[in-house]
Amino acid sequence: MVKQKDKSTDNINGIYCILIGMLVVTLQDCTVKWLSPDYALHQIMLIRSVIAILIIFFIIKWEGGFRLLKTRYLSWHLLRAGLLIVANLTLFMAVAAMPYAEAIAIFFVAPLFITLLSIPILGEQVGLRRWAAIMIGLAGVVLMIQPGRAVFDWSSLLPLAAAFSYASMQTITRKIGKTDKASTMGFYMQATMIVTSIVIGILIGDGRFSGSGHSSLEFLLRAWVVPKTEHLWILLSCGLLSGIGSYLLSQSYRLGQATLIAPFEYTALPLSVVLGFIIWNETPTFHGAIGMLLIIGAGLYTLYRERSVRQANTVGNA
């Protein structure tokens, strides 16, 4: 009875972490989109990660000290961080060129990709109904992207790349999260992002490749500049939100059951619609709204089926 109560408490705390975490991460994404016309993406990532890693240092100190950085899974941490960097780059390049809510909606095919990746990586079986949900979700993506339209913008494919990278990263999180704390994962993620941002800045930070005129490419290739005074608080907020958000998301999956926690990630979508309207006066198109509903419905059903299958397997093995 005591163990069941403890697990229930962990699940509730995990839900609190994911709800607050999604609010924090959504606000952080908004700060990046706000800064995208004036700064290079890798410059923002560097400033953000330097601030975020300072926050993580305080969390590590509070949780038990720097001994927590010792891990048996260093290569997995670095791979996880690399995948998250790709997810960040592609998603932020997308929001620089697309309506914010639509980019976030396409990104939420990630749970469907997690299901697909579970077949070769985790050896799981996917039934007909989950395959149908995957097809419906991808149909929603096609409806939003509209590849056959007269003017097709390739940046609409970037959230798909972000979703696949994020799904791959979450598969690794399930492995190393059993032994390593959320602060440990956050440290290696932010440290890798700092090094990567510096390297990219050295290679292309002078803006030699800029001038394409496309919002996504300009965000990636723009030259580094001295931050404007009025933007300092936004850059500071971006770093604070990144550090707190990454910790809360990792902590939520450490505390609670993944199939219980994951559906709460979808709270980011209505938040993104509201923030997109308030800040940039963006409203989803008819095709975008229908696509969002298909993606959300397919994703939630996939998570529901995963939970049902796991519960059935638990009962069968009891």
Across the range 136-170, which residue is modelled with the highest pLDDT among those that are of a type outside the set (A, V, I, L, M, F, W, C) and surrounded by fewer than 17 Cβ atoms within 10 Å (Cβ to Cβ)? Asp153
Among the residues of the range 192-206, which ones are surrounded by fewer than 16 Cβ atoms within 10 Å (Cβ to Cβ) and outside any helix (DSSP H, G or I)? Asp206
Which ones in the range 1-24 are modelled with pLDDT under 90 and either among the β-branched types (Val, Ile, Thr) or closer than 30 Å to Ser210 by Cα (or both)? Val2, Thr9, Ile12, Ile15, Ile18
Matching residues, the range 268-287, being crowded, with 17+ Cβ neighbours inside 10 Å and hydroxyl-bearing (Ser, Thr, Tyr): Ser272
Is at least one residue of the range 246-267 farther than 30 Å from Ile200 by Cα, at pLDDT 80 or above and surrounded by fewer than 16 Cβ atoms within 10 Å (Cβ to Cβ)? yes
Condition (residue is modelled with pLDDT of 80 or more and either surrounded by fewer than 17 Cβ atoms within 10 Å (Cβ to Cβ) or under 23 Å from Ala96 (Cα atoms) (or both)) applied to the range 174-185: is it met by at least one residue? no
Considering the range 250-281 alone, what residues qualify as being touching an Asp or Glu at 6+ places or on another chain (Cβ under 8 Å) and farther than 25 Å from Thr115 by Cα? Gly276
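The values are calculated or read from the model by the stated rules, or taken from the named source; none is laboratory data. If you're wondering where the values come from, they're calculated on a predicted model, not measured in any experiment. Ideal geometry is used to build each Cβ from the backbone, glycine not excepted, and the neighbour counts take in all protein chains shown.
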